[in-house]
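Read through the structure below, which is laid out as structure tokens, and then see the notes.
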Amino acid sequence: MNKFSLVAIVLLYYIPLDMFFYATETCNHVRFWTWNINIIRDKMYKTKGNALHKVDSLLSDGEVIDSSTERLRNLSKQGGTIIGYLYPHTPIELFLAHGLTPSLMRVDPQMSAGFEDSLQTFACAFTRNVYSQRAHGGFIDYSGFLFPGNTCDALQNVGDVWRQRFSEDTVLRLTYPVSPRSESTVSFLAEEMRLLSKALERQYGKSFSQDEYSTAVSLVNSFRTGAQFLYASRIVNPETPSYRELVGLVVDFMVAPVEGLLRDLDEMVSVAKSTNDAQGKAGLVENVLQGLMAGTPLQIHIEELPEHTRLLVLGGMVDPFNLAELVDGIENATANVIALDMLSFSFKSIFTPTVESSNNPYISLAKAILGAPLEPTQEGLQRRMAFLRQLLETHIFDGIVVCEQSFCDPDEFEAPSMYRIADEIGIPSLRLPIDPELSDRGRLEGRIQTFLETLEEDK
Amino acid sequence: MSEEKAYRRLETSQLLQQISFRHMLEAHAASEDGNLTWITSGFPVEIPIAMGIGVVYPEQYAAIVGAQKVGPDICGLAEEYGYSNELCSYARASIGATIKPDQSPLGGLPRPQALLACNNICGTVLRWYDAVSELTGAPVYLFDTPPIDDEQLPHHVAYVRQGLHKLVDFLAKKFDTTMEKENLRKVSQYSSDAIRLWIDSLEACKNKPSPLNCADRFLTMAPVVSSRGKDYCVEFYQALNDEVRGRVKDGIGAIRDERVRLLWDNIPPWFQIFRFFNGLAKKGVVFPADTYTHAWSGKVSGDDLYGSITEVYSNVYLNKGLEAKADKMVQLIKDYALDGFIMFSVRSCKRYSLGQMVTRELVTERTGVPGTIIEGDMVDSRLFNDAQIQTRVEALLEMFV
Ligand code: SF4
Ligand code: SF4
């Protein structure tokens, strides 16, 4: 039996029950697309643990992307309105409040990185990949695209090029302040979001619903809270859950923020909690969590941790699931060596503070977004480096891996500071020039493998 | 025909050397007094000058590095330090010269006490200044002017204006100084006068023959970038304007035999600024306008100076979208009666360059004149393929025969 048949059988087995279950629920839109989008993943997770491991391990990375795209296609067929977004700190709650589905446009490793007639070769690898997907018709039927403004020059200009080249597309823009949270940045971003909300209403004829907003806030807050715990827990127990499982779920949530994923998350949390309890590490995990959330030193010592190679992965808009897949593909290696990443579509999104309820949703959302760990696109190199220094000074990481996405100014400006800090503290570092197509995969694998071997020898 | 014969040298160039020298001396003195800022070209310089704080421009310094043809060496110093060779070469040159001033032209820039970045020209400046801050210990003030899509909306105005007030607070605290309104008015007046004379000199190029060529403008723009707000800057532009208007009156062109009038888009390749433009001058090609030097055209004026600064510095050319860039090019082509255009796709500068293929099509569609794109860099000559560029330019020129 080939892997596709196996997936099909697993699906068929669960779909009828699933449909029945959701058809009986009030069809608010969150549940509506839970029913639509989540068919495959939800059902694969039902027999938690085994089915998930089994199916994921059967799929190559390209197929994982295909399956999430398939889920979105289904949603689109059901009349869902999907808005693709590119920047990690997108107010997904706002889209949900309008009855729209915000969906992260992931890079596609299978995409041939041809340079279109419209983009020079020095557009960053991330934007080129996404642009190529659009140019080659590889996308699902998005009803609109949200570009961020004022984050980096590549996204700023590619958004403009997109508007011209794909004039049939609805291209929206949400402009961010570059500076961290303050009264003026919060008001600016809040007003940007209010205007975006008006634009969504005009464009899609769907007004902002307070009920939908509250449901969305609770969904996103719950997801973040659970995932934050798992990020902290993995520093102590990097295999529970595996890096791949965790970031797979996080990325899934960004592609389709559905309620069903909370169940999967809850299960991961409960397994992790049991493991921590059994080892007497619950308090330690709690300390780590508090440190990560507040950006303060982690109360942890290497002697308290089970023996394991621990890497800290740094970088910006690198797809964490693709990275996991890369490391898992290396002989004698597993992505579980990544005890923590600080990537944009992973840690930096998940550690966004929860959205507080208030009379003004735009202010609440702006406060949360601007309270997230700082991106390399933002002001605050010193603060970011101070946090990194704190993390490395715990000496719980054996090495750092710095992902530099090709032609990404923010990544490439930040990386030297990271190497310097690691060097000062005496922690080995690996520079990983990377692009979404993993075009130099053999060399990347070789570098990681050699790095891991060196770390092992040094232990 | 020798290069001198094809191209007429500006008398005002001599004054330019004096003003540049004076600017550098002032910067060194300010640094020694603990009173120097490094600032980006799009920064509202009127503010630090009015507060009695010295300024110097790393972008201009990087252009000197380029012009002295040591770009690869100085950028290489930053690369050895870990900065990717894919980054902006202005940033790399400045970082390289900060790391090893003794190996850099003019011994590097004098040490700054603060770094003032305005992201109205690109996002790179913030990261570049953060890197310099790590090396020098000087704090960065970022004046955030988010890009504008169409018009500047009220919340945008309010946000930028708040940033301006915070800037004044930052400088007052850091340099133990105050902002006197009268000083700001005086400095703004000098700045506006210099810009008025500068714009008039640029507009004189609508005449045939054009009194200035690209290289003239790229060199004589230095004071309007670095010294606007100073009295001697006004004097310089008065002298330039007199010479330019004199040329117009006498029917004297920047090149001797003007046959083709082109628009230049983007920063020039500093390492061969004369070779490139004089080479074309020999073929009768003049550039009466370019998008780069026309970017310094906003005058700070009126009763509400903070409001004026907010508006001028938010609405600079590079802070607007691709449509606005195309509009500007179309306007210049019409106003200056140009036959075509050359777009320099500068690898360093994504904000300026990404999207040029689309702009080229839009501009040709709207004006009917042809254009070509050549690729390279403004400082890092390793990225400049002479032969390929010549071929592209030749192909464009053939269209005018
Ligand atoms: S932050 Fe980097 S990777 Fe992301 S869009 Fe900008 S340049 Fe590309
Ligand atoms: S990226 Fe462009 S605008 Fe920014 S500093 Fe470099 S050359 Fe100047």
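The values are calculated or read from the model by the stated rules, or taken from the named source; none is laboratory data. Keep in mind that what you see is a predicted model, and the values were worked out from it rather than measured. Neighbour counts are summed over all protein chains in view; Cβ atoms, including those assigned to glycine, are modelled from backbone coordinates with ideal geometry. Remember, those area values only see protein heavy atoms, side chains included, never the ligands or the DNA or RNA. Shrake-Rupley method; radii C 1.70, N 1.55, O 1.52, S 1.80 Å.
Taking the conditions exactly as written (within 14 Å of another protein chain (Cβ to nearest Cβ) and under 23 Å from residue A:248 (Cα atoms)), does residue A:87 satisfy them or not? Answer is yes for this residue. The set of residues in the stretch B:95-104 that are free of Cβ contacts under 8 Å to residues at least 40 places away in the same chain and within 19 Å of residue A:409 (Cα to Cα) contains only B:96. Of all residues in the stretch B:91-103, those that are buried (at least 23 other Cβ atoms within 10 Å of the Cβ) and either within 12 Å of another protein chain (Cβ to nearest Cβ) or modelled with pLDDT under 95 (or both) total 3. Entry remark, the stretch A:179-191: residues being within 7 Å of chain B (Cβ to nearest Cβ) and in a loop (DSSP other than H, G, I, E, B) number 1 in total.
The rows are residues; the columns are (1) over 25 Å from residue A:124 (Cβ atoms); (2) of a type outside the set (S, T, N, Q).
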{"residue": "B:100", "(1), (2)": "yes, yes"}
{"residue": "B:105", "(1), (2)": "yes, yes"}
{"residue": "B:119", "(1), (2)": "no, no"}
{"residue": "B:122", "(1), (2)": "no, yes"}
{"residue": "B:133", "(1), (2)": "no, no"}
{"residue": "B:137", "(1), (2)": "yes, yes"}
{"residue": "B:141", "(1), (2)": "yes, yes"}
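Considering the conditions (1) more than 12 Å from ligand 2 (Cβ to nearest atom); (2) farther than 14 Å from residue B:61 by Cβ; (3) touching a residue at least 12 places away in the same chain (Cβ under 8 Å), residue B:119 is excluded by exactly one of them, (1).
For every residue, the table says whether it meets (1) within 14 Å of chain A (Cβ to nearest Cβ); (2) acidic (Asp, Glu); (3) in contact with an Asp or Glu (Cβ under 9 Å, 6 or more places away or on another chain).
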position	(1), (2), (3)
B:322	yes, no, yes
B:332	no, no, yes
B:364	yes, no, no
B:380	yes, yes, no
B:389	no, no, yes
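Count of the stretch B:43-91 residues, restricted to those that are part of a loop (DSSP other than H, G, I, E, B), away from ligand 1 (no atom under 16 Å from the Cβ) and among the aromatic types (Phe, Trp, Tyr), is 3. Check the stretch B:47-65 and report whether any residue there is open to solvent by 10 Å² or more (accessible area, probe 1.4 Å), away from chain A (no Cβ under 14 Å) and over 21 Å from residue B:115 (Cβ atoms). Scanning the stretch B:47-65 turns up no residue that is open to solvent by 10 Å² or more (accessible area, probe 1.4 Å), away from chain A (no Cβ under 14 Å) and over 21 Å from residue B:115 (Cβ atoms). On inspection, residue A:75 fails the criterion of being in a helix (DSSP H, G or I), at pLDDT 90 or above and away from ligand 1 (no atom under 16 Å from the Cβ). If you take the residues in the stretch A:165-178 that are free of Cβ contacts under 8 Å to residues at least 40 places away in the same chain and within 10 Å of another protein chain (Cβ to nearest Cβ), which one is surrounded by the most Cβ atoms within 10 Å (Cβ to Cβ)? Ranking the qualifying residues of the stretch A:165-178, first place goes to A:175.
When we screen A:429, A:406 for residues that are closer than 20 Å to residue A:308 by Cα and within 14 Å of chain B (Cβ to nearest Cβ), the only hit is A:429. Only residues that are over 19 Å from residue A:123 (Cβ atoms) and either acidic (Asp, Glu) or assigned to a loop (DSSP other than H, G, I, E, B) (or both) were counted in the stretch B:310-366, giving 10.
Among the residues making up the stretch B:134-186, those that are over 27 Å from residue A:189 (Cα atoms), not aromatic (Phe, Trp, Tyr) and not in a loop (DSSP other than H, G, I, E, B) are B:134, B:135, B:136, B:172, B:173, B:174, B:181, B:182, B:183, B:184, B:185, B:186.
In the set (1) farther than 30 Å from residue B:158 by Cβ; (2) within 12 Å of chain A (Cβ to nearest Cβ), the condition left unmet by residue B:354 is number (1).
Residues that are surrounded by fewer than 22 Cβ atoms within 10 Å (Cβ to Cβ) and touching a residue at least 12 places away in the same chain (Cβ under 8 Å) within the stretch A:110-120 comprise A:110, A:111, A:112, A:113, A:114, A:115, A:116, A:118, listed in sequence order.
The numbered conditions (1) out of contact with any Cys (no Cβ under 6 Å at 6 or more places or on another chain); (2) outside any helix (DSSP H, G or I); (3) within 16 Å of ligand 1 (Cβ to nearest atom) are all true for residue A:415 except (2). Every residue in the stretch A:308-326 that is open to solvent by 10 Å² or more (accessible area, probe 1.4 Å) and either away from ligand 1 (no atom under 15 Å from the Cβ) or charged (D, E, K, R) (or both), please. Residues satisfying the conditions are A:308, A:309, A:319, A:325.
Yes/no matrix, rows are residues, columns are (1) touching a helix residue (DSSP H, G or I) at 6+ places or on another chain (Cβ under 6 Å); (2) surrounded by fewer than 22 Cβ atoms within 10 Å (Cβ to Cβ); (3) closer than 20 Å to residue A:164 by Cβ:
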position: B:292; (1), (2), (3): no, yes, no
position: B:299; (1), (2), (3): yes, yes, no
position: B:305; (1), (2), (3): yes, yes, no
position: B:330; (1), (2), (3): yes, yes, yes
position: B:381; (1), (2), (3): yes, yes, no
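Would you pick out the residues in the stretch A:152-164 that are within 8 Å of another protein chain (Cβ to nearest Cβ) and open to solvent by less than 10 Å² (accessible area, probe 1.4 Å)? Within the stretch A:152-164, A:153, A:154, A:157, A:158, A:161 qualify. Would a scan of the stretch A:104-114 turn up a residue that is closer than 25 Å to residue A:191 by Cβ, modelled with pLDDT of 95 or more and either in a loop (DSSP other than H, G, I, E, B) or touching a strand residue (DSSP E or B) at 6+ places or on another chain (Cβ under 9 Å) (or both)? Within the stretch A:104-114, one or more residues are closer than 25 Å to residue A:191 by Cβ, modelled with pLDDT of 95 or more and either in a loop (DSSP other than H, G, I, E, B) or touching a strand residue (DSSP E or B) at 6+ places or on another chain (Cβ under 9 Å) (or both). On the stretch given as the stretch B:149-159, residues that are facing chain A (nearest Cβ under 9 Å) and either in contact with a His (Cβ under 9 Å, 6 or more places away or on another chain) or touching a residue at least 24 places away in the same chain (Cβ under 8 Å) (or both) total 2. Within the stretch A:123-144, being open to solvent by less than 10 Å² (accessible area, probe 1.4 Å), more than 10 Å from ligand 1 (Cβ to nearest atom) and not in a helix (DSSP H, G or I) holds for one residue alone: A:144.
Residues that are among the β-branched types (Val, Ile, Thr) number at least 2 in the following helices (runs of 4 or more DSSP H) confined to the stretch B:217-295: B:222-226, B:231-250. Scanning the stretch B:348-359 for residues that are within 14 Å of residue A:128 (Cβ to Cβ) and touching a residue at least 60 places away in the same chain (Cβ under 8 Å) turns up just one, B:350.
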